[in-house]
Each structure stands twice: as C-alpha cells, then as structure tokens.
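Peer 1: Can you read through this structure? Questions will come right after.
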Amino acid sequence: MLAISSKSAAFTQHAIALKNENAALVDHMEQEVEERTQRIYELSNTDPLTGLYNRTAFSKNLSKSLAELTKSGEELALLFIDLDGFKKINDTFGHEAGDQILKASAHRLQSITRDSNLLCRWGGDEFLVALERTDREAAIHLGREIIDALSLEHKTDDAKLSVGATIGVALFPIHETCESKLIQHADTAMYYQKKSKGSSVCVFNEEMEAEHLRELKLKNGLAKAIEKEQLRLVFQPIVSPKDGAPVSFEALLRWQFGDENIPPDQFIGIAEQYGLILDIGDWVMVQACHTAAEWQRSKPLPVCVNVSVIQFQDDGFPGMVDRALSESGLAPDCLHLEITESVFASDVKLLRKRIKAIQQRGIHVSIDDFGTGYSSLSVMQDLAVDTVKIDRSFINNLEGSSYAIVTAVIHAASIMKFDVVAEGVETQAQRETLAKLGVHKLQGFYFSKPLEIDALAMYLDERLLG
Ligand code: C2E
Ligand code: MG
Ligand code: MG
C-alpha cells in the first residue's frame, strides 16, 4: 500500500512538474512568436540602415493621418528632403562614409521633428517628414531649421564631411488630398528648387507641376527620337576673319518633336539627366562624320562636334569615335570635338588623360563657351587644348568690359599656342574689332546661320567651287 501511494505521489509530482514545464514552454513560445512578429513588422516597416520608417510604413501612416485630418478639417505639411552633395561623398569617401552620413542625418531629423511616426527614409539620400497641423509659414521655418541641422559638419572615422539639403514642401489639403500625389508634389518642388539653387526650401505651385510634366513629355519623346527619325544636324560655318571664307563647320543638333521644333538648350540637359545622351551623342557623331566625309570631296574642312561632359567621360567614348571615323572614312584631323567648360567641374586627371588620348589620334579638342563657367587660363595650359571658343555673351558686350577679356585671351593664346574662335558675331563692327584683336576664327549670324543639309550643299558649291 505504502509503495503504491508513494509511487502515485511521485507520479502526481512529475505530472505537475511537466505541466509547469509545458506552461513555461508555451509562455516562451508565445513570447518568441510575439518577438518574431515584432521583428517581421520592424523588418517590413523600417529602413535597416537608419531605423526610420520605410516607404510602405510611412505611406500607410500618412494616409491614416490624412483621413483623420480630413475629419477635423486641419492642415498638414509634407517636406521632401534631399541631401546636397551626398553622391560626391559616396563616390569619393566610399559607401561606409555615406552610410554614416545617412545615419547621422536620420538622427538629426528625429531630434528636430519629434514625432517619428511621420518621418521616413524615402530612398537613397531622401527623407520625408509629415507635419500635422502645420501651415506654410511654419513648414518653411522648420524646413530651414532642418537644413541648418543637416548642414552641420559630420566627423566620420577619418574625415570631416559636410552635406547640404534641399527641401520641397506640399500642403494638405491646399495642394492635394491624396497621399501619393502629395508626396509627388513635394518631390517636384524639391527637384525644381535643386535645379535653381540648392540648400533652400521651396513650396510647391502649379507652374512647377506644368514644368515637370513638360520635362517628362520631352524625356519620353526624346527616348524615341532616334528611332522615329526626328533628329537632324544643321551646320554653321566658322570663317576666317580675313576674307570670311569657311574654315570649318559646327554640327548643331535639331529635334522636330511633332509640330514643335525643340531647341538643343531645352533638350540636351534632359538627355543628360535621364541617361539618353550617350545614344544621342553616338548618333550625332556618326551623322556628323558621314556628312563631313561627303564635303571633303569639295574641300578638306573639319567638322566640329559638341560633346556632352557625360559622353566625354564615358569609357566607351574613344572607341565610339574611332568607329565613327573608320565607318565614315573621315580623317581624324578633320574632326574637332567641342567640350563645354562644365567638364572642369569633374575629375581633371581623367579629363587630361582623355584629352590626350583623343589628341593622339589627331583629333582636335576645343573648349566651348569659354568664360561662362569653371575654366581658367591656367587650367587651359595644363590641359593643352587646341582651340578656345569665347562665349557669345562676351562678343555681345565687346564695347564694354569684354574687350579687355578678349584681349587677355588672345594674349594667352599666343603664349600657350591655342586658336581662338569668337562665337555669336552678329555685326560688321564686331567682326572688325575681333579681326583687329587677332581672333583666329569667327562664327555667327553675321556670316551665316546654321544651314540645313541642302543649304549646306549650296553654300559649299558657291564658296568652294564657284
Ligand atoms: P554652342 O555649341 O555654343 O553652339 C552655338 C550656338 O549659338 C548655336 O545654338 C548657334 O545656333 C548659336 N549661334 C551661332 N551664332 C549665333 C549668333 O550670331 N547669335 C546668336 N544669338 N546665336 C548664335 P543652338 O544650335 O541653339 O545650340 C545651343 C547649344 O546646344 C550649343 O551651344 C551646344 O552647347 C548645344 N548643342 C547643340 N548641338 C549639340 C549636340 O549635338 N550635342 C551636344 N552635347 N550639345 C549640343
Ligand atoms: Mg559648340
Ligand atoms: Mg558655344
């Protein structure tokens, strides 16, 4: 009996222990499931680098908040923040430094905006902040505070770095009531502001929207312009100041888009921005070389081709030029490349190497629009270009302060051994002054407007054969 009851007590004890163990196990499992659920929630809702909300979570929260504000009739300001100069830091100091900047920027935003529910990393170096019950003035004020905070120097492991920020603001419900459109408008305002002046705050307006839509229309049209045969080249003579005889021709791109004739100043920038310039630039090079190969039968006159900075820096560029030359049969010394001064804002070492490689082929290199941008005469010497084209804004103002500048360029040219071309010559008086100053070549409406291909043939017949 005794043995039986002690066995049963042990059994009961064991059963209770097991039950407790099971309960602990269930508790533990429940806790683990809860933690995992939380973890999954965090992973799907937060940006792993900064810990801020990601796009999905922010959009969800914003639309909830807009629904509540609609009921209460209150306002909200959405700030689209884009860092200035972040890409340069990433490219120069590496991604680790870039990550540190992003983390620190997120932290600074958190401490300014307080309500972290309506703050997110939208992507790359873009952040969004939604401010409930905030009007235009308050949004601009806070935007400026954010720019100041984000612009403070960052001390990373091995450098002191700084970035700026540009902010676009869209207001609910004035500009838009739908959450995705509100974000789009704030983005448009930021983009618009960045184009004119970074490190400032800009509030959305309808004009920006129209400009943005126009840009998208041009971008989409431009992507099909080659295939639809809407592009063509015209050629403007560059002449000798002595007798006005042509010494070369500049190829200038034209785009017939439906019934609109879009000037290059309007579409080259878009082509560069949306990655279309390489294809378009290739097309221009091939066309220009073929056309120039044709007129060589009349007289060996070079063709000058404008090359975008992006194109010039592309590793495939020298090979592309070689192909255009060999396919067309044009001699390399009959090809001049015009690069604008904006190349000087880029990697000068690469620039020097590229210019040399191009010149070694016998191709000439000109600096276009000289005086408008970054270059200086000392950089000119370093790069040893063949020609400098003085921008037409100086020729326009020849009676004013430009006279001294043109004189200085001519003087430098004689020492550094490059040719000088004056662009945009429109009057007899300008021609005479420039000839007296010793400018080597002239280009402008006074001599000829850019010529369509038929008119070019006639021009060549008249000047060279007739
Ligand atoms: P650019 O290379 O400086 O070309 C000279 C521009 O000045 C041309 O404008 C020409 O028509 C204009 N021009 C020439 N003489 C006169 C004059 O006496 N008075 C006035 N007011 N203007 C004159 P266009 O054809 O509108 O081209 C504008 C710019 O677009 C060019 O400036 C060049 O930077 C760019 N561009 C043109 N074609 C191409 C191209 O094939 N590729 C690239 N990347 N850029 C191009
Ligand atoms: Mg040019
Ligand atoms: Mg120019």
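The values are calculated or read from the model by the stated rules, or taken from the named source; none is laboratory data. If you're wondering where the values come from, they're calculated on a predicted model, not measured in any experiment. Please note: Cβ atoms are built from the backbone with ideal geometry, for glycine as well, and neighbour counts cover all protein chains shown. For accessibility, only protein heavy atoms count, side chains too; no ligands or nucleic acids. Shrake-Rupley method; radii C 1.70, N 1.55, O 1.52, S 1.80 Å.
Peer 1: Among 311-323, 60-72, what's the highest-first ranking by average C-beta atoms within 10 angstrom per residue?
Peer 2: The peptides rank, most packed first, as 311-323, 60-72.
Peer 1: Per-residue ellipticity at 222 nm for the chain, helices alone: DSSP H runs ≥ 4 residues times -39500 (n - 2.57), over residue total, nearest 500 deg cm²/dmol?
Peer 2: -17000 deg cm²/dmol, from helical runs alone.
Peer 1: Divide, for the stretch 210-290, the radius of gyration over alpha carbons by 2.2 N^0.38 Å, where N is the residue count.
Peer 2: My calculation over the Cα atoms of the stretch 210-290 gives 1.27.
Peer 1: Which order do Lys441, Lys242 take by accessible area at a 1.4 Å probe, largest first?
Peer 2: Largest accessible area first, the list is Lys242, Lys441.
Peer 1: I would also like to ask the following. Before anything else, pin down the relative contact order of the chain: Cα pairs under 8 Å, at least 6 apart, normalised by residue count, whole percent.
Peer 2: Here the relative contact order equals 10 percent.
Peer 1: Further, regarding this structure: Pairs of alpha-carbon atoms within less than 8 angstrom and 6+ residues apart define the contacts here; what relative contact order does the stretch 55-204 have, in percent?
Peer 2: Value for the stretch 55-204: 31 percent.
Peer 1: I would also like to ask the following. For Ile339, Ile140, give me the order by solvent-accessible area with a 1.4 Å probe, most accessible first, ignoring ligands, DNA and RNA.
Peer 2: Output order, biggest surface exposure first: Ile140, Ile339.
Peer 1: Counting Lys and Arg as +1 and Asp and Glu as -1, what is the net charge of the other residues whose Cβ lies under 15 Å from the Cβ of Ser326?
Peer 2: -2
Peer 1: Arrange the peptides 245-252, 21-28 so that the one whose residues have, on average, the most other Cβ atoms within 10 Å appears first.
Peer 2: Output ranking for 245-252, 21-28: 245-252, 21-28.
Peer 1: Summing +1 for each Lys or Arg and -1 for each Asp or Glu, what net charge is found among the other residues whose Cβ lies under 15 Å from the Cβ of Ile147?
Peer 2: Counting the neighbours of Ile147, the net charge comes to -3.
Peer 1: Largest first and to the nearest Å, give the Cα extent of the chain along each principal axis.
Peer 2: 135, 54, 47
Peer 1: Oh, and also: Sorted by average packing, counted as other Cβ atoms within 10 angstrom per residue and highest first, what order do 212-225, 150-163 take?
Peer 2: The peptides rank, most packed first, as 212-225, 150-163.
Peer 1: Moving to a separate point now. Using alpha-carbon positions, what is the distance between the centroids of the stretch 18-84 and the stretch 285-348, in Å?
Peer 2: 56 Å
Peer 1: Taking +1 at the Cβ of each Lys and Arg and -1 at the Cβ of each Asp and Glu, which of Leu231, Gly221, Ser298 sits farthest along the dipole of the chain towards its positive end, judged by Cα position relative to the Cα centre?
Peer 2: Value: Ser298.
Peer 1: What percent antiparallel are the DSSP beta bridges of the chain, to the nearest 5?
Peer 2: About 60 percent, rounded to the nearest 5.
Peer 1: With +1 assigned to the C-beta of every Lys and Arg and -1 to the C-beta of every Asp and Glu, and no other charges, what is the dipole magnitude of the chain about the Cα centre in debye, to the nearest 20?
Peer 2: 680 debye
Peer 1: If you take the alpha carbon radius of gyration of the stretch 217-465 and divide it by 2.2 N^0.38 Å, what ratio comes out, to two decimals?
Peer 2: Relative to the 2.2 N^0.38 Å estimate, the stretch 217-465 comes out at 0.98.
Peer 1: Using the alpha-carbon atoms, what tilt in degrees (0 to 90, nearest 10) does helix 402-416 show relative to the longest principal axis of the chain?
Peer 2: The answer is roughly 80 degrees.
Peer 1: Please pull out the direction-averaged projected area of the stretch 217-356, using the convex hull of its alpha-carbon atoms, in nm² to one decimal place.
Peer 2: Quarter of the Cα hull surface area: 9.6 nm².
Peer 1: Helix 206-223 against the longest principal axis of the chain: what's the angle in degrees, Cα atoms only, rounded to the nearest 10?
Peer 2: Approximately 70 degrees, to the nearest ten.
Peer 1: Relative contact order for the stretch 217-465 using alpha-carbon pairs under 8 Å, separation at least 6, rounded to a whole percent?
Peer 2: Relative CO of the stretch 217-465 lands at 20 percent.
Peer 1: For Lys64, give me every one of the lysines with a C-alpha distance below 28 angstrom, ignoring sequence neighbours fewer than eight places off in its own chain.
Peer 2: Straight-distance partners of Lys64: Lys103, Lys181.
Peer 1: Quote the charge dipole size of the stretch 55-204 about the Cα centre in Debye, to the nearest 20; the model charges only the Cβ of Lys and Arg (+1) and of Asp and Glu (-1).
Peer 2: The dipole magnitude comes to about 140 debye.
Peer 1: Continuing with this model, one more query. Using the Cα centre of the chain as origin and beta-carbon charges of +1 (Lys, Arg) and -1 (Asp, Glu), tell me which of Met416, Val406, Gln13 is placed farthest towards the positive end of the dipole.
Peer 2: Met416
Peer 1: Sorted from largest down, give the three principal axis spans of the alpha carbons of the stretch 55-204, whole angstrom values.
Peer 2: Computed over the Cα atoms, the extents are 52, 30, 22 Å.
Peer 1: Taking the stretch 217-465, how many lysine pairs are there with alpha carbons less than 16 Å apart, if each pair must be eight or more places apart or span two chains?
Peer 2: Close lysine pairs under the 16 Å cut-off: 9.
Peer 1: What does the charge count around Asn220 come to, taking other residues whose C-beta lies under 13 Å from its C-beta (Lys +1, Arg +1, Asp -1, Glu -1)?
Peer 2: +3
Peer 1: Let me check something: with ligands and nucleic acids excluded, how do Thr387, Thr372 order by accessible area (1.4 Å probe), largest to smallest?
Peer 2: Thr372, Thr387
Peer 1: Kindly report, to the nearest 10 Å², the accessible surface of Ser448 as traced by a 1.4 Å probe over protein heavy atoms only.
Peer 2: Surface accessible to solvent at Ser448 totals approximately 10 Å².
Peer 1: Mind checking which of Gly168, Val365, Leu78 is farthest towards the positive end of the chain's charge dipole, using Cβ charges of +1 (Lys, Arg) and -1 (Asp, Glu) about the Cα centre?
Peer 2: Working it through, the farthest residue towards the positive pole turns out to be Val365.
Peer 1: So what does Ser342 come to for accessible area, using a 1.4 Å probe and Å² rounded to 10?
Peer 2: 50 Å²
Peer 1: Now for a different question. Report, in debye and to the nearest 20, how large the dipole of the stretch 125-177 comes out about its Cα centre when Lys and Arg carry +1 and Asp and Glu carry -1 on their Cβ.
Peer 2: Rounded to the nearest 20 debye, it is 140 debye.
Peer 1: Could you give the distance between the Cα centres of the stretch 154-176 and the stretch 410-466, to the whole Å?
Peer 2: 48 Å
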